[in-house]
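Enquirer: Let me begin by handing over the structure; questions about it come next.
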Amino acid sequence: MALLEAVDCSLSFGGLKAVSGFSLAVEPGELVGLIGPNGAGKTTVFNLITGVYRPDEGDIRLEGKRIAGLRPYQINRRGIARTFQGIRLFANMTALENVLVGYDHRSDHRLLGTVLRTRYAERQSRQLEADCLALLEMVGLREQRDTVARSLPYGLQRRLEIARALATRPKLLLLDEPAAGTNPLEKIELMEKIRWLRNDLGLAILIIEHDMKLIMQICERITVLDHGETIASGRPEDIRADPRVIEAYLGTIGE
Amino acid sequence: MDELVQQIVNGLAWGSIYALIALGYTMVYGVLRLINFAHGDVYMVGAMMAYYFAHWLGLAGTPSALGFVLVMALSMGTCALLGALIEFVAYRPLRNQPRLSMLITAIGVSMLLEFGGQRVFGPDPKFFPQLIESHSLLARGNIVLTNIDLLVIAVSLVLMIGLRWIVMKTRIGMALRAVSFSYDTAALMGINVNTVLTCTFMLGSALAAAAGTLVGLRNPKIDPLMGLMPGIKAFVAAVLGGIGNFPGAVAGGLLMGLTETLVAAYLSSTYRDAVAFVILIGVLLVKPTGLLGKPAIEKV
Amino acid sequence: MEAVRFLVRRNAALALMVALMWPLGALLSAAVNPYYLQIIVYIGINVILAVSLNLINGITGQFSLGHAGFMAIGAYVSAAFTLFVWPSAPPAGLWVALALGGLAAAAAGLVIGIPTLRLRGDYLAIATLGFGEIIRVVIVNTDRVGGARGLFGIPVLASFASVYACAVACVVLLARLVYSPKGKALAAIREDETAAAAMGIDTTRLKIMAFIIGAFWAGVAGGLFAHFIGYIHTNSFTFLKSIEIVVMVVLGGMGSFSGAILAAAALTILPELLRFGAEYRMIVYSILLVVMMLTRPTGLLGNREITTWLSSKPSTAR
C-alpha cells in the first residue's frame with residue numbers, strides 16, 4: 001500500500017481551476033519530485049495534501065485512510081509535515097522554541113500538571129528540551145538554540161524550518177522549494193541532507209523545486225505540473241527527454 | 001398600517017444616515033483594511049460644525065434652503081480636512097506596522113475626538129437650529145410625515161449618487177478602486193497611493209459630516225458623544241452589506257435603519273441598541289463577508 | 001506520596017507569597033492613608049485584568065475588545081451569590097463567590113469563544129466588542145440585579161489581602177502556563193497561525209483555552225471589585241473599560257507580564273494624579289495612546305520581561 005495516495009484531485013478558486021485531475025502515489029521512503037513552471041499549482045497541491053484546502057473532487061489517503069477534509073493539525077498528527085515556500089518560522093521565538101512547538105503536541109502534557117508543577121510535568125519538560133536539542137543538532141543548529149529565529153541568516157532559517165517539521169515526527173515530509181536562494185555549496189549540503197533524511201530516518205519526501213539539476217539528481221520519480229494538470233510522470237531520465245515537459249518550460253519550437 | 005408606514009419612513013431616514021456613514025467605513029476599509037473607529041466621531045464633528053457655522057453666519061434664526069445647503073457644504077468641507085489630517089498624522093506613519101497598531105491608534109483618535117469634543121464644545125447637548133422649516137406632508141391620526149424626513153432621504157440619495165459618479169467616472173475614483181483591489185499592485189502601477197488615501201478619507205469624512213448635518217436637522221439635540229452609537233451601528237451596517245463593498249454599505253445601512261426602527265417600535269425599545277450587536281454577531285458567524293461581499297482567500 | 005511532597009515543595013514559595021498578603025495587608029491598613037490603600041487595591045484588580053487579557057491578546061495574539069464583559073459577569077454573579085443565595089456568608093464566603101464569578105465568566109468565554117475565534121483580526125475585535133456590549137445591555141435590563149440603578153449593598157468582603165492574594169496567584173499561575181510548552185504553542189499561534197496548525201497544533205482548541213482562562217480571571221477581578229466597593233453598575237463595565245485594559249496591555253508591551261503589571265499600576269495611578277479634571281484624564285489617555293502607537297508600538301517592554309530587559313542580552317528575547 002502506498003504511503004500517500006492522491007486520486008484525481010481538483011480544486012477551483014472561483015472560476016479558476018488551480019488543480020485538475022491530480023493523482024500521485026508516494027511509497028514509504030520514496031523521494032519524489034514535483035516540478036512545473038511558475039503558477040502550475042505545485043504549492044496548491046501541497047496545500048491540498050496538508051489540509052489547507054479541501055479538494056472539490058477526488059480523494060487523498062494516507063496509509064489507506066482518508067485525509068481529505070481533515071484539518072491541517074490533524075493531518076500533521078497523522079504523519080505529514082511540511083516546510084513553506086516563503087519561510088514561515090515563528091519569527092520572534094528562539095530556534096529551540098520553534099522546534100519545541102513542533103515537538104510538543106505529541107507529549108501528553110496536562111495543563112493542570114504544568115501549572116501546579118507536578119513532578120511528572122517537570123520530568124516531561126526536561127525530556128522535551130533534550131529531545132529538541134537533539135533535533136537542532138541534526139541540522140547543525142545546536143549553537144543557535146537561543147537565537148531568535150528572525151535574526152538567523154537565511155540558510156539557517158531554512159534548516160530550522162526543516163528541524164521544526166521533523167519535530168512533528170512525520171512519515172512524509174513535504175519540502176517546498178528548499179533550495180531557493182542557496183548557493184551551489186549549500187545545494188550540495190542540502191542534497192546530502194535530503195538523502196540522509198530518507199536513508200537514516202526512513203522518511204518519504206516530496207519536493208517542489210525549480211532547480212532541475214537537484215531534482216534530477218536526488219529524486220527517484222518526478223511528476224510535472226502545468227496549469228494545474230499533470231503533463232508527465234516517471235523517472236528523471238524519461239522526464240528530461242519528454243517533449244511535453246520541454247514545451248511547458250520553454251514553449252514550442254517555432255513560437 | 002399607517003403606523004407601519006411611519007416607522008418605515010423613520011427606518012429609511014435613519015437608514016440613509018447609517019448608509020452615508022457606512023460608506024466612509026467601507027471606503028477606508030477597502031483601501032487600508034482598517035476599521036476607522038474615529039469615523040463616527042467625525043460625524044459628530046460634522047453636526048457640531050454645522051451648528052457653529054449656522055450661528056456664525058447668522059442663519060440660525062431664519063430658515064432657508066440655501067442657508068441649509070451652505071451650512072452643510074461648509075461642514076462637509078471642514079470635516080474633509082479633518083479626515084485628511086487624521087489620516088496624515090495618525091494612520092500614515094503606521095502604514096508598515098501590523099494592522100493592530102493602526103486599530104489601536106484609531107481607538108485613540110476616536111477617544112480624543114469624543115473627550116476633546118466635550119472639552120471644546122462643552123459636554124451639554126446643544127440645539128441644532130431649524131434651518132429648514134418643518135412642514136408635515138401627511139397627517140393622519142398619530143402619523144406625521146414631515147418634509148424633513150423626505151429631505152434626509154433625498155439628500156442622502158443625491159450624495160450617494162454623487163459618490164458613485166466619482167468612484168466610477170473619475171480618474172481618482174478609478175485609482176481608489178485599484179488601491180482597494182490591490183494596494184501593492186496599484187503602487188507599482190504608478191498610482192500615488194498617498195493621494196488616494198487622502199481623497200478616500202476626505203470623501204468619507206465629507207459624507208459623515210453631511211449625515212451629521214441631516215441628523216441635526218431631524219433630531220436637533222446634539223452632543224459630543226452622539227457619534228458613538230451611530231458610528232458602531234453604521235460600522236455594523238457596512239459589515240452586514242459586505243465591508244469594502246459600496247452598494248453593500250448602502251444596503252446594509254438601510255437594512256440596519258429599518259430593522260432597528262421596527263424592532264424598537266414593535267418589540268422593545270430598550271433593546272434598540274442591542275439590535276445592532278445581534279446583527280453583527282449574526283453576520284460574523286454566518287457570513288462574515290456580508291451580504292454582498294466576496295470571500296478573500298489567504299495565500300498560503 | 002512522594003509526588004505529593006514534590007508538589008508541595010514546588011508550590012511552597014507561591015503559597016508563602018499568598019499567605020504573606022494578610023499580614024502585609026494588616027500592616028498597610030495601619031500605616032497607610034485609606035485613600036492610598038484604595039488606589040493600591042485598584043492596582044491589584046487592574047493587574048489581574050491586564051495580565052489575564054495579556055494571555056489572550058499579547059501571548060495568543062487574539063485581539064479581544066470585550067474583557068470588561070467578563071469582568072461584569074464575574075462581578076454580578078459573585079454579588080448575586082453573596083446577596084441572594086448566601087446573604088449571611090462569613091468572610092470565607094468571598095472565595096466561593098469569586099470561584100462562581102470566575103466560572104461563570106469562563107463559561108461565557110467558552111460560549112463566546114467558540115463562534116468568534118474562527119474570525120481573524122479586526123473581525124474578532126468587533127465581535128468581542130459586540131458581545132461585551134450585549135452582556136452589558138442584558139445586565140442593564142435585568143432588574144433582579146438592579147438593572148439601570150445598579151446593585152447596592154454587596155457585603156464588603158474583599159480587602160488588600162484577598163485582592164493581592166488573587167493577583168499573586170494569577171500572575172504566577174499564568175506565568176507558569178506561558179513559559180511552558182503549551183504557552184509556547186499559544187505564542188506560535190500569535191506568530192503564524194497557519195504554520196502552527198501545520199505543526200500539529202489544534203489552534204482552535206488552544207485559542208479557546210486561552211480565552212476561557214483569561215475570562216475566568218477577569219471574572220475573579222470583577223468579583224473582587226464588587227466585594228471591595230459594595231456597589232456595582234454597568235457603567236463600570238463598558239467598552240471604555242475594555243479599552244482601558246487593552247491600553248494597559250499595549251502600553252506594557254503585548255506578551256510581557258512585567259510590562260502588563262507596570263502599566264496597570266501606572267495607568268491606575270495616572271488618573272489620580274490628574275484629579276483636577278476628569279475630562280483631561282481621558283484626553284491625556286487618548287493622546288497617550290496615539291503617541292505611544294506612533295513612537296513605540298511594541299510598548300514599554302515589547303514582548304520581553306523586565307529581567308531580560310535589565311540584563312540586555314541583545315540576541316535573546318522571548
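The values are calculated or read from the model by the stated rules, or taken from the named source; none is laboratory data. Not measured: the values here are computed from a predicted model. Virtual Cβ from ideal backbone geometry, glycine too; neighbours counted across all protein chains shown.
Enquirer: Taking the range B:51-94, which residues are over 30 Å from B:THR105 (Cβ atoms) and β-branched (Val, Ile, Thr)?
Expert: B:THR62, B:VAL69, B:VAL71
Enquirer: Okay, moving on. For the range C:96-105, indicate whether the set of residues that are at pLDDT 90 or above, over 23 Å from B:VAL278 (Cα atoms), among the β-branched types (Val, Ile, Thr) and part of a helix (DSSP H, G or I) is non-empty.
Expert: yes
Enquirer: Same structure again: Quick test for you: out of A:ARG164, A:ARG169, pick the one residue that is within 14 Å of chain C (Cβ to nearest Cβ), in a loop (DSSP other than H, G, I, E, B) and within 17 Å of C:GLY200 (Cα to Cα).
Expert: Selected residue: A:ARG169, the only one of A:ARG164, A:ARG169 that is within 14 Å of chain C (Cβ to nearest Cβ), in a loop (DSSP other than H, G, I, E, B) and within 17 Å of C:GLY200 (Cα to Cα).
Enquirer: Still on this structure: Taking the range A:203-234 only, how many residues are in contact with a Leu (Cβ under 9 Å, 6 or more places away or on another chain) and either assigned to a loop (DSSP other than H, G, I, E, B) or closer than 20 Å to A:SER12 by Cα (or both)?
Expert: Counting residues in the range A:203-234 that are in contact with a Leu (Cβ under 9 Å, 6 or more places away or on another chain) and either assigned to a loop (DSSP other than H, G, I, E, B) or closer than 20 Å to A:SER12 by Cα (or both) gives 9.
Enquirer: Please indicate, with yes or no, whether at least one residue in the range C:217-232 is away from every other protein chain (no Cβ under 12 Å), over 20 Å from C:LEU55 (Cβ atoms), in contact with a strand residue (DSSP E or B) (Cβ under 8 Å, 6 or more places away or on another chain) and in a helix (DSSP H, G or I). Reasoning before the result, please.
Expert: Going residue by residue through the range C:217-232, those that are away from every other protein chain (no Cβ under 12 Å) are C:217-232.
Remaining after also requiring over 20 Å from C:LEU55 (Cβ atoms): C:226-232.
Add one more test, that the residue is in contact with a strand residue (DSSP E or B) (Cβ under 8 Å, 6 or more places away or on another chain), and what stays is C:226, C:231-232.
Applying the additional criterion that residues be in a helix (DSSP H, G or I) yields C:226.
Within the range C:217-232 (the criterion being away from every other protein chain (no Cβ under 12 Å), over 20 Å from C:LEU55 (Cβ atoms), in contact with a strand residue (DSSP E or B) (Cβ under 8 Å, 6 or more places away or on another chain) and in a helix (DSSP H, G or I)), the answer is yes, since at least one residue qualifies.
Enquirer: For C:ARG5, indicate whether it is of a type in the set (Lys, Arg), within 14 Å of chain A (Cβ to nearest Cβ), touching a helix residue (DSSP H, G or I) at 6+ places or on another chain (Cβ under 8 Å) and without any contact (Cβ under 8 Å) to a residue 40 or more places away in the chain.
Expert: Against the criterion (of a type in the set (Lys, Arg), within 14 Å of chain A (Cβ to nearest Cβ), touching a helix residue (DSSP H, G or I) at 6+ places or on another chain (Cβ under 8 Å) and without any contact (Cβ under 8 Å) to a residue 40 or more places away in the chain), C:ARG5 does not qualify.
Enquirer: Tell me whether the range A:55-71 contains one or more residues that are within 17 Å of A:ARG169 (Cα to Cα), away from chain C (no Cβ under 14 Å) and of a type outside the set (A, V, I, L, M).
Expert: Scanning the range A:55-71 turns up at least one residue that is within 17 Å of A:ARG169 (Cα to Cα), away from chain C (no Cβ under 14 Å) and of a type outside the set (A, V, I, L, M).
Enquirer: Which one is nearest to the other protein chains (Cβ to nearest Cβ), of the residues in the range C:92-113 that are within 29 Å of B:SER268 (Cα to Cα) and surrounded by fewer than 20 Cβ atoms within 10 Å (Cβ to Cβ)?
Expert: It comes out as C:VAL111.
Enquirer: Between A:ARG150, A:ARG198, A:ARG126, A:ARG145, which is surrounded by fewer than 22 Cβ atoms within 10 Å (Cβ to Cβ) and closer than 24 Å to A:GLU5 by Cβ?
Expert: A:ARG198
Enquirer: Residues that are in contact with a His (Cβ under 9 Å, 6 or more places away or on another chain), hydrophobic (A, V, I, L, M, F, W, C) and in contact (Cβ under 8 Å) with a residue 60 or more places away in the chain: does the range B:248-261 have at least one?
Expert: Looking for residues that are in contact with a His (Cβ under 9 Å, 6 or more places away or on another chain), hydrophobic (A, V, I, L, M, F, W, C) and in contact (Cβ under 8 Å) with a residue 60 or more places away in the chain, one finds none in the range B:248-261, hence no.
Enquirer: Which residues, taken from the range A:202-213, are in contact with a helix residue (DSSP H, G or I) (Cβ under 9 Å, 6 or more places away or on another chain) and at pLDDT below 90?
Expert: A:ASP211, A:MET212, A:LYS213
Enquirer: Please note which helices (runs of 4 or more DSSP H) are completely contained in the range B:1-87 and include at least 1 residues that are of a type in the set (Asp, Glu). It would help to see each step written out before you state the result.
Expert: On the way: elements: B:2-32, B:39-56, B:65-86.
Those helices (runs of 4 or more DSSP H) span B:2-32, B:39-56.
Enquirer: Would it be correct to say that B:ARG92 is within 12 Å of chain C (Cβ to nearest Cβ) and either in contact (Cβ under 8 Å) with a residue 12 or more places away in the chain or buried (at least 18 other Cβ atoms within 10 Å of the Cβ) (or both)? Spell out how you get there, then give the answer.
Expert: Numbers: within 12 Å of chain C (Cβ to nearest Cβ): yes; either in contact (Cβ under 8 Å) with a residue 12 or more places away in the chain or buried (at least 18 other Cβ atoms within 10 Å of the Cβ) (or both): yes.
Spelling it out, B:ARG92 is indeed within 12 Å of chain C (Cβ to nearest Cβ) and either in contact (Cβ under 8 Å) with a residue 12 or more places away in the chain or buried (at least 18 other Cβ atoms within 10 Å of the Cβ) (or both).
Enquirer: Would you be able to tell me the number of residues in the range A:72-121 that are in a helix (DSSP H, G or I), at the interface with chain C (Cβ under 7 Å from one of its Cβ atoms), modelled with pLDDT under 90 and under 22 Å from A:LEU133 (Cα atoms)?
Expert: Here is the first cut: in the range A:72-121, the residues in a helix (DSSP H, G or I) are A:72-78, A:95-104, A:111-116, A:119-121.
In the following step, the residues that additionally are at the interface with chain C (Cβ under 7 Å from one of its Cβ atoms) were identified as A:72-73, A:76-77, A:97, A:100-102, A:104, A:111, A:114-116, A:119.
Now restrict to residues that are modelled with pLDDT under 90: A:102, A:104, A:111, A:114-116, A:119.
After this cut, where a residue has to be under 22 Å from A:LEU133 (Cα atoms) as well, the list is A:102, A:104, A:114, A:119.
Summing the residues that are in a helix (DSSP H, G or I), at the interface with chain C (Cβ under 7 Å from one of its Cβ atoms), modelled with pLDDT under 90 and under 22 Å from A:LEU133 (Cα atoms) in the range A:72-121 gives 4.
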